[in-house]
Amino acid sequence: IFQFVKGSWATGERLSIPKYLKPHVTIEALGKGFVGILDDKLAKQEHVTAAQAGLKKVAAAIKANKHNIIVLDEILGAIHDQLITLDQVVTLLRKTPRKTDVILTGHYEIPKLIAMAEMVTEIKKIKHPYDKGILAKQGIDF
């Protein structure tokens, strides 16, 4: 699992995966954190640099041809925020071996990626505390 937006925050998945799923599942934060929201004080270029370096790590993992599944967590947001380009992701996907499933996650619908995909699912929020300004709660959200 490669996380494109989540940065230094201690997230539930980064705490639990190494503890319970290692060595079968690994997770790595490639980003510098959420872009332009919450506590982000970084210049956008720092986010771009991190995402571009992260994309190179993903390309190396794909080229190594050792994984059955690669999750690109929040990559749709990284495209939306112009940290990486759609063309870069399309090129990466086209170089992926057939035996490897790549899962793209994020909040944005990108028609070209939807057209390329074998499967597309949607998790739809009905109501969320963040809509009222309530931030993430320990034990629930992280």
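Remarks
- Some residue of segment 30-43 being more than 22 Å from ALA136 (Cα to Cα) and either open to solvent by 70 Å² or more (accessible area, probe 1.4 Å) or part of a loop (DSSP other than H, G, I, E, B) (or both): yes
- For segment 45-89, a residue qualifies if it is among the basic types (Lys, Arg) and either touching a residue at least 24 places away in the same chain (Cβ under 8 Å) or in contact with a helix residue (DSSP H, G or I) (Cβ under 8 Å, 6 or more places away or on another chain) (or both), and the qualifying residues are LYS57, LYS63.
- So LYS22, is it farther than 24 Å from THR121 by Cβ, touching a helix residue (DSSP H, G or I) at 6+ places or on another chain (Cβ under 9 Å) and either assigned to a helix (DSSP H, G or I) or not small (Gly, Ala, Ser) (or both): no
- Listed conditions (1) surrounded by fewer than 18 Cβ atoms within 10 Å (Cβ to Cβ); (2) modelled with pLDDT of 95 or more are all met by LEU76, apart from (1).
- Members of segment 44-73 that are of a type in the set (S, T, N, Q), exposed (fewer than 13 other Cβ atoms within 10 Å of the Cβ) and on the phi < 0 side of the Ramachandran plot: GLN45, ASN68
The values are calculated or read from the model by the stated rules, or taken from the named source; none is laboratory data. Source: prediction; values computed, not measured. A quick note on method: Cβ atoms are made from the backbone with ideal geometry, for glycine too, and the neighbour counts reach across all protein chains shown. Quick note on the areas: whole protein, heavy atoms, side chains included, nothing else; ligands and nucleic acids left out. Shrake-Rupley method; radii C 1.70, N 1.55, O 1.52, S 1.80 Å.
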